[in-house]
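Each value in this text was obtained by applying a stated rule to the coordinates, not by laboratory testing. Just so you know, these numbers come straight off a predicted model, no measurement behind them. We place every Cβ from the backbone using ideal geometry, glycine too, and count neighbours over all the protein chains shown.
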Amino acid sequence: MIQRFSFGRPFPTGSVVETLPIATGDVPFLTPDESGWKLTLAEDAVVYGLGEMPRGINKRSWHYITNNTDESHHGEDKLSYYGAHNFLLIRNGLGGDCFGVFIDFPGKVYYDIGYSEHDVLRFHTEEPNYELYILTGKNEAAIAKAFRKLIGRSYIPPKWAFGLAQSRFGYKTEADVREIARQYRKNQLPLDMICMDIDYMQDYADFTVNKDRFPDLKKLSDDLKAQNIRLVPIIDAGIRINPNDKACQEGLEKGYFCKKADGKPFVAAVWPGKAYFADFLRPEVREWFGSWYHTLTDLGIEGFWNDMNEPALFYSPERLRELLDYAASLRNKDNIEHHEFFGFVGKVMKLMNSPEDYASFYHEVNGEKIRHDRVHNLYGGNMTRAASEAFDRLRPGKRTLLYSRSSFIGSHRYGGIWLGDNHSSWAQLLANIQLMPNVQMCGFLYAGADLCGFDGDTTSDLALRWLEFGLFTPLMRNHSSSGTRDQEYFRFTKELPAFRKMLELRYALLPYLYSEFMKAALESTPYFRPLAFDYPDDSDARTVEDQLLLGEGLMVAPVYTQNAVGRHVYLPESMKLLRLRSVEDYDEEILPAGHHYLPCALNEVLLFIRPGCIVPVAAPAECTAQLDEEHLTLWSNLSAGQKAVYRMYTDDGETKTYEKAENWRMVE
Ligand code: MIG
């Protein structure tokens, strides 16, 4: 059951797709608390949700603010990341109340989940205008499903988007890109996509191509497509201020950029220098901005990533001026005192993504001016929506790959997400594992982190361990920042066979992984989920933070610590362990329920098949287009004489006729 409560004058965020009647009685489970709500937590309460946020699968024992932020230093001390996913799924102790809470609000929501007081959960919105949904059901899984139905079907990418994507902030020329493709093919490492970061643009301006570096992007795209490799360019949120750019000119003429109180367009610097910011909250602006993607779809491009759309701001001219004036006031001082020095440093640090800047411009919603910070969290997701709706016009009936950095619940219907600027550390590999079930619970099924880590220097063992988890994530992309150690998989020459085998394993598992993704999207079921979803009465399962159930038949337990040669695994029931070195080379063993320490060498993956389940496996291929799904091997965990059927999804992978009955094939 879902109850909808309404307070004040809620802003229409577009997060939900079902209009429920507004309930009149008391809000169940929660009690009013100063400006928000509160709940007493049982000693063993578990709180899932919040999507893209720091810390573990269970969010208890920290505080959080949904406030979409370009956070370039991920870690436990952070309160916000790039997405606003205001959904909590609470199990208040074993056998206790189980319910979901969705706070439909476009600005900041503050959560204190056992941070101030270990046994108290509190939350409040920045303004008293919001809708509150309380979801109840049989258990965690039932509530999660009801929530997904409430917010509508998740975005489905083309099938090739389940292949490997290779990316780097630093591919500068056509030759760089061709070399990546050549190395992958030469080394027989599967690959489906190469991402183009901002260097393909002319001076980082959206919807332009640097003709010196990429003289014929259409030909490049065609040539790579002939090898089954797609180019996936980036688009940033800000539009460069340059009277010669048509996008800039048009946006100005039509008044489509966000404006300051004085009616002049808001200006902030990002990669291309000073830029304007389209008012994505207006439908006509979304339509206009989205249409610009034609400059690339016309060249044969079929996929994009949307970046910097929190929106990230380097600085506004006003804020920079203040800093420079302050610096000038210190210039002739012989002794700059500590408070002046730290004052200066503080002003420098506060230039980027300044709350004052977010409070200095406005959106237009149905003729009303709304200050940006009040609806801040809707910005990036509406850029995603702009692009997605444009693709329906530019490429009717076809799926277009799209993932965004910033998002809110609602934008999961228009695109996936990647998890932003992580770094090359073991802690961030664990964070990737823990983020997946929570972002997927909030609708973002097509998601993944930058494998090997974005910032900092990776190592071959971290890269391999990370791939051993990444090979299960829907978006499987290796991406890194400029100036970091090279980390394309072909760079690890000594360990190349191990990397190849793990990439092959991904492709071999695609009949299963793609089918499970499609089931999750079409049936509002989970892809990754915490163990407690399927074993709600198991007191050990609910504490597991580093194993995930994957689709109907599998459990993964990645190794995520440096130099580990095994790990502890908890089995809520007996399962078959496959210790895989490749799709052909593995040991198998039936393990009883309970706690185990399992050896797992650097080149091995632990994969568990649940009782009564079948997993269809294909022969490895160098790209999704060459997967042979006619000749399958079946991995299974069946008792003697037991029969089982696997529902496999096999469609063309590129059109939107998802619901056809012929797309399903029964495998036994
Ligand atoms: O300010 O385009 O998260 O993936 O490589 C950094 C350059 C801008 C941030 C993205 C990252 C991308 C980078 N971008």
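For the reader, a short list of remarks on this structure follows.
- Long-range neighbours under 8 Å by Cβ, at least six apart or interchain, first residue farther than 20 Å from Leu471 by Cβ within the stretch 153-165, second polar (S, T, N, Q) and assigned to a loop (DSSP other than H, G, I, E, B): Arg153/Ser524
- The conditions of being of a type in the set (Lys, Arg) and under 21 Å from Glu356 (Cα atoms) are not met by Lys254.
- Number of residues in the stretch 479-498 that are buried (at least 18 other Cβ atoms within 10 Å of the Cβ) and within 17 Å of Ala181 (Cβ to Cβ) equals 5.
- Residue that is farthest from the ligand (Cβ to nearest atom), among those in the stretch 332-355 that are among the basic types (Lys, Arg) and closer than 30 Å to Ile198 by Cα: Lys347
- Test result for Asp461, in contact (Cβ under 8 Å) with a residue 40 or more places away in the chain, surrounded by fewer than 19 Cβ atoms within 10 Å (Cβ to Cβ) and either under 20 Å from the mean Cα position of the chain (by Cα) or not in a loop (DSSP other than H, G, I, E, B) (or both): yes
- Residue list for the stretch 186-244, filter: among the acidic types (Asp, Glu) and either closer than 27 Å to Val267 by Cβ or touching a residue at least 60 places away in the same chain (Cβ under 8 Å) (or both): Asp192, Asp197, Asp199, Asp203, Asp206, Asp222, Asp236
- Residues (farther than 14 Å from Leu509 by Cα, polar (S, T, N, Q) and not in a strand (DSSP E or B)) located in the stretch 626-645: Ser639, Gln642
- Test: residue in the stretch 384-393 that is within 15 Å of the ligand (Cβ to nearest atom) and more than 28 Å from Pro558 (Cα to Cα): yes
- Search result, residues across the stretch 256-313 that are among the acidic types (Asp, Glu) and under 26 Å from the mean Cα position of the chain (by Cα): Asp279, Glu287, Glu302, Asp307, Glu310
- Evaluation of Glu468 against the conditions (1) of a type in the set (D, E, K, R); (2) more than 20 Å from Pro106 (Cα to Cα); (3) surrounded by fewer than 24 Cβ atoms within 10 Å (Cβ to Cβ) shows that the sole unmet condition is (3).
- Qualifying residue in the stretch 427-449 (condition: in contact with an Asp or Glu (Cβ under 9 Å, 6 or more places away or on another chain) and within 13 Å of the ligand (Cβ to nearest atom)): no
- Filter result for the condition that a residue is surrounded by fewer than 18 Cβ atoms within 10 Å (Cβ to Cβ) and free of Cβ contacts under 8 Å to residues at least 60 places away in the same chain, over Lys149, Lys138: Lys138
- Meets criteria (in a strand (DSSP E or B), out of contact with any Cys (no Cβ under 6 Å at 6 or more places or on another chain) and under 26 Å from Tyr514 (Cα atoms)) for Leu606: no
- Unique match (being free of Cβ contacts under 8 Å to residues at least 24 places away in the same chain and basic (Lys, Arg)) among Arg665, Arg581: Arg665
- Residue satisfying all of: in the stretch 2-16; of a type outside the set (Ser, Thr, Tyr) and farther than 17 Å from Phe147 by Cα; surrounded by the most Cβ atoms within 10 Å (Cβ to Cβ) among these: Phe11
- You will find that of Leu378, Leu394, Leu330, Leu351, the residue that is free of Cβ contacts under 8 Å to residues at least 40 places away in the same chain, crowded, with 16+ Cβ neighbours inside 10 Å and of a type in the set (A, V, I, L, M, F, W, C) is Leu351 and no other.
- Scanning the stretch 21-46 for residues that are closer than 17 Å to Gly95 by Cα and not charged (D, E, K, R) turns up Phe29, Leu39, Thr40, Leu41, Ala42, Ala45, Val46.
- Strands (runs of 3 or more DSSP E) (entirely within the stretch 471-557) containing at least 1 residues that are away from the ligand (no atom under 16 Å from the Cβ): 548-550, 554-556
- Hey, Ala161 surrounded by 19 or more Cβ atoms within 10 Å (Cβ to Cβ), among the aliphatic types (A, V, I, L, M) and over 23 Å from Arg506 (Cα atoms) or not: no
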